[in-house]
Amino acid sequence: MNGTSIIFIGLAILAIVIFIFTIKIVPQRSAYIVERFGKYRATLLAGFHIIIPFVDRISYKHILKEQVMDVAAQTCITKDNISVEVDGVLYLQIMDAQKASYGIDNYRFAATQLAQTTMRSIIGKMELDKTFEEREAMNSIIVDAVDRASDPWGVKVTRYEVKNITPPQSIKDAMEKQMRAEREKRANIANSEGDMQARINRAEGEKQELIARSEGEKMRRINEAEGSAAEIEAVAMATAKGIREIATAINAPGGQDAVNLRVAEQYIGQFGNLAKQNNTMIIPSNMADISSIVATATQVIKKSKES
């Protein structure tokens, strides 16, 4: 191999190296910062790019996709002087690669530290019970604070989520006892309300039963009264009818003789009963004269008829 061939090969290798350093392919959702002699020159976005080798160089490479960062657990003091450990997750996205490169040394570390300090400040203004209830409010405050601070860095904070709020074990035990007492209280209240409702239902049932019984008794008495009235009316009507029949029979031919005979029979029958029931018996002076007794009775009937 002569000197010409060696030179040719060297030039070819040099050309390949220059070509490799000249061509830059930027992946999708990425941005490269190009510096020329240590000064910012351009931002290369996704695609094929050509730079001047040994003059231009890629100083920073950024991912433009949304990034997720864990915010380490830290100890915070609540308003009621209780220590709790709080950690979270921070979501951010680079909006301006140039600012992210030159606006701050390490935007990820800075955003994490700012989220932690903001969280300590928020927790210090809340009591322990409120920290579990106000997560959404805490997330919103942290996002607003970090986003304002990171605007000069070309970074947009999209959201923050509190993962865990861990109180000390003694506080956990106290909270568990409190919750158990609260559950027992609710159970006792529910039982008492159920018993009260059952008593009300029983009393209402007894009331309705008494009302139904009184209504039944009322109807029974009304029915008995109506039955008695109907019975009295029927008896009266029958008696009146009988009297009318007797009056008709008396006025008929031979009716007077029949009456005399009936009165005599009843008179004799009643004296016979007196003889059976009593040892002492009062006998009228005209007992032997039955005809006069019958005449007297007949005269009474006649007067009653005329009146």
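Can you tell me which residue within segment 156-172, out of those that are within 19 Å of SER83 (Cα to Cα) and surrounded by 11 or more Cβ atoms within 10 Å (Cβ to Cβ), is farthest from the chain's Cα centre (by Cα)?
Within segment 156-172, the subset within 19 Å of SER83 (Cα to Cα) is 162-172.
Now narrow it down to the ones that are surrounded by 11 or more Cβ atoms within 10 Å (Cβ to Cβ): 162-163, 165-168, 171-172.
Details: VAL162: 30, LYS163: 30, ILE165: 30, THR166: 31, PRO167: 31, PRO168: 34, ILE171: 31, LYS172: 29 Å.
Per the stated criteria, the residue is PRO168.
Could you identify the single residue in ALA97, ALA42, ALA73 that is touching a Ser or Thr at 6+ places or on another chain (Cβ under 9 Å), of a type outside the set (Asp, Glu) and more than 28 Å from LYS163 (Cβ to Cβ)? I'd like the intermediate steps shown before the answer.
Details: ALA42 fails: touching a Ser or Thr at 6+ places or on another chain (Cβ under 9 Å); ALA73 fails: more than 28 Å from LYS163 (Cβ to Cβ).
So the residue among ALA97, ALA42, ALA73 that is touching a Ser or Thr at 6+ places or on another chain (Cβ under 9 Å), of a type outside the set (Asp, Glu) and more than 28 Å from LYS163 (Cβ to Cβ) is ALA97.
Can you confirm whether segment 89-98 contains a residue that is touching a Phe, Trp or Tyr at 6+ places or on another chain (Cβ under 6 Å) and either of a type outside the set (Asp, Glu) or touching a residue at least 24 places away in the same chain (Cβ under 8 Å) (or both)?
As a first pass, look at segment 89-98 and keep what is touching a Phe, Trp or Tyr at 6+ places or on another chain (Cβ under 6 Å): 90.
From what's left, either of a type outside the set (Asp, Glu) or touching a residue at least 24 places away in the same chain (Cβ under 8 Å) (or both): 90.
Yes; the residues of segment 89-98 include at least one that is touching a Phe, Trp or Tyr at 6+ places or on another chain (Cβ under 6 Å) and either of a type outside the set (Asp, Glu) or touching a residue at least 24 places away in the same chain (Cβ under 8 Å) (or both).
Among the candidates SER101, SER59, single out the residue that is touching a residue at least 12 places away in the same chain (Cβ under 8 Å), part of a strand (DSSP E or B) and either at negative phi or surrounded by 17 or more Cβ atoms within 10 Å (Cβ to Cβ) (or both).
Values: SER101 fails: part of a strand (DSSP E or B).
Of SER101, SER59, the one residue that is touching a residue at least 12 places away in the same chain (Cβ under 8 Å), part of a strand (DSSP E or B) and either at negative phi or surrounded by 17 or more Cβ atoms within 10 Å (Cβ to Cβ) (or both) is SER59.
So which of MET138, MET126, MET119 ends up being in the same structural domain as GLY88 (by TED's automatic domain parsing), surrounded by 15 or more Cβ atoms within 10 Å (Cβ to Cβ), among the aliphatic types (A, V, I, L, M) and out of contact with any strand residue (DSSP E or B) (no Cβ under 8 Å at 6 or more places or on another chain)? Steps first, please.
On the way: MET138 fails: out of contact with any strand residue (DSSP E or B) (no Cβ under 8 Å at 6 or more places or on another chain); MET119 fails: out of contact with any strand residue (DSSP E or B) (no Cβ under 8 Å at 6 or more places or on another chain).
Going through MET138, MET126, MET119 in turn, just one is in the same structural domain as GLY88 (by TED's automatic domain parsing), surrounded by 15 or more Cβ atoms within 10 Å (Cβ to Cβ), among the aliphatic types (A, V, I, L, M) and out of contact with any strand residue (DSSP E or B) (no Cβ under 8 Å at 6 or more places or on another chain): MET126.
Kindly provide the set of residues from segment 83-98 that are acidic (Asp, Glu) and surrounded by 15 or more Cβ atoms within 10 Å (Cβ to Cβ), ordered by number.
Pass one, segment 83-98, residues acidic (Asp, Glu): 85, 87, 96.
ASP87, ASP96, listed by residue number.
Let's see how each residue does on (1) farther than 29 Å from PRO27 by Cα; (2) among the polar types (S, T, N, Q):
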site: ALA110; (1), (2): no, no
site: GLN116; (1), (2): yes, yes
site: MET119; (1), (2): yes, no
site: LYS125; (1), (2): yes, no
site: ARG148; (1), (2): yes, no
site: PRO152; (1), (2): no, no
site: THR158; (1), (2): no, yes
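Does GLU204 satisfy the condition of being over 30 Å from ILE82 (Cβ atoms), part of a helix (DSSP H, G or I) and among the acidic types (Asp, Glu)? Before you say what the answer is, go through the steps one by one.
Details: over 30 Å from ILE82 (Cβ atoms): yes; part of a helix (DSSP H, G or I): yes; among the acidic types (Asp, Glu): yes.
Answer is yes for this residue.
The values are calculated or read from the model by the stated rules, or taken from the named source; none is laboratory data. Predicted model only: the values in this text are computed from it and were never measured. Positions of Cβ are generated from backbone atoms using ideal geometry, with glycine treated the same way; all protein chains shown enter the neighbour counts.
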